[in-house]
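The values are calculated or read from the model by the stated rules, or taken from the named source; none is laboratory data. Only a predicted model underlies this, so the values are computations on that prediction, with no experimental measurement involved. All Cβ positions, glycine included, derive from the backbone under ideal geometry; neighbour counts span all protein chains shown.
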Amino acid sequence: MIDIDNVIAIDVHTHAEVSCCQPHDPYRPELDEAFARYFKSDKRPTMQETADFYRDQHMALVMFTIDSEFEVGKRRIPNVEVAECALKNSDVMIAFASIDPHKGRMGAREARDLIDNYGVKGFKFHPTVQGFYPQDKMAYHLYEVIAEYKLPMLFHSGHSGFGSGVRGGGGLRLEYSNPMHLDDVAIDFPNCPIIIAHPSWPWQDEALSVAMHKPNVYIDLSGWSPKYFPKQLIQYANTLLKDRMLFGTDFPLITPERWMKDFTDAGFRDEVKPLIMKENAIRMLNLRA
């Protein structure tokens, strides 16, 4: 159990990059190589190393993998492995799962098992690498199970480092990750927190509009250094959306030290910073229950 009074922050966006029970799958090495170039990093810590690192930082974290087996054809890191690591490190770690929506009813069955038997607390989607529009009814078999438990659904938004610089972008379509597509999801599942991940360039205004209109929509501030955040994102974080902005890094691609250093001078109001760093996530994840 996380002692929420004694952690300084909750990072809602970290990645499981290495499996301890299966080797890395180099099925499309051009995507791995382009990814490392784009983010200027190929360091891939284990899940346990990540949990230990955040414990040393006095932070909690949400961790997930990405299931892109349908569109990319790359073997996923098992959700159960992430969940079991979270159970072993329950003082700092919360597991989200990732299930490709193309898996339909089998994916929905997996989701229920992960929630009931492994304590998974939310789900991560990446429309660009999973190859789907978020409002496609194909995904609703999965969403409906998540909605039964009123769990968060976190969606990648905006540009993607996956496929950047690869011939034809590796066949991955940026349009899938326009946050306006989440408007229908927020309508159809109003009791689920819907998290728009990242500053949503080139669709930042669309993300802000959806969050302004739908009270179950949050924005996580991962994937960019705060010094590069669009001015309108900071403006709304300081005012009308101060209760629905979430700290996230995209670790290991961005470290919490770097993110927090740049956050200090990015123009966020002092009274808003505790909401972003911890309080909004506590409420969204229902950690005080």
(request) Report, by residue number, each residue of the stretch 149-192 that is farther than 25 Å from Thr249 by Cβ and in contact with a Lys or Arg (Cβ under 8 Å, 6 or more places away or on another chain). (result) Asp183, Ile187, Pro190, Asn191
(message) Checking Leu287 against (1) assigned to a helix (DSSP H, G or I); (2) touching a strand residue (DSSP E or B) at 6+ places or on another chain (Cβ under 9 Å); (3) surrounded by fewer than 22 Cβ atoms within 10 Å (Cβ to Cβ), only one condition comes out false. Which one?
(response) (1)
(request) Residues being touching a helix residue (DSSP H, G or I) at 6+ places or on another chain (Cβ under 8 Å), part of a helix (DSSP H, G or I) and surrounded by fewer than 22 Cβ atoms within 10 Å (Cβ to Cβ): count how many of those fall in the stretch 89-108. (result) 6
(request) List the helices (runs of 4 or more DSSP H) that sit entirely inside the stretch 196-264 and contain at least 2 residues that are buried (at least 23 other Cβ atoms within 10 Å of the Cβ) and in contact with a strand residue (DSSP E or B) (Cβ under 6 Å, 6 or more places away or on another chain). (result) 204-213
(message) Six or more apart or on different chains, Cβ atoms under 8 Å: show the pairs whose first residue is in the stretch 175-201 and closer than 23 Å to Ile234 by Cβ and in contact (Cβ under 8 Å) with a residue 40 or more places away in the chain and whose second is assigned to a loop (DSSP other than H, G, I, E, B) and acidic (Asp, Glu).
(response) His198/Asp250
(message) Testing Phe263 on (1) over 18 Å from the mean Cα position of the chain (by Cα); (2) over 27 Å from Cys192 (Cβ atoms); (3) at pLDDT below 95, one condition comes back false. Which one is that?
(response) (3)
(request) Tally the residues that are surrounded by fewer than 24 Cβ atoms within 10 Å (Cβ to Cβ), in contact (Cβ under 8 Å) with a residue 12 or more places away in the chain and part of a helix (DSSP H, G or I), restricting the search to the stretch 129-138. (result) 1
(message) Exactly one condition in (1) at pLDDT 95 or above; (2) farther than 25 Å from His102 by Cβ; (3) surrounded by fewer than 16 Cβ atoms within 10 Å (Cβ to Cβ) is false for Gly165; which is it?
(response) (1)
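Only one residue in Asp136, Asp183, Asp188, Asp220 is under 15 Å from the mean Cα position of the chain (by Cα) and among the acidic types (Asp, Glu). Which one? Can you show your working first?
Details: Asp136 fails: under 15 Å from the mean Cα position of the chain (by Cα); Asp183 fails: under 15 Å from the mean Cα position of the chain (by Cα); Asp188 fails: under 15 Å from the mean Cα position of the chain (by Cα).
The conditions single out Asp220.
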(request) Return only the number of the condition from (1) of a type in the set (Asp, Glu); (2) buried (at least 18 other Cβ atoms within 10 Å of the Cβ); (3) modelled with pLDDT under 85 that Glu71 does not satisfy. (result) (3)
(message) Considering only residues that are closer than 18 Å to Asp136 by Cβ and surrounded by 15 or more Cβ atoms within 10 Å (Cβ to Cβ), which ones fall in the stretch 185-195?
(response) Val185, Ala186, Phe189, Cys192, Ile194
(request) Test Val62 against the criterion of being buried (at least 22 other Cβ atoms within 10 Å of the Cβ), within 14 Å of the chain's Cα centre (by Cα), in a helix (DSSP H, G or I) and touching a residue at least 40 places away in the same chain (Cβ under 8 Å), and give yes or no. (result) no
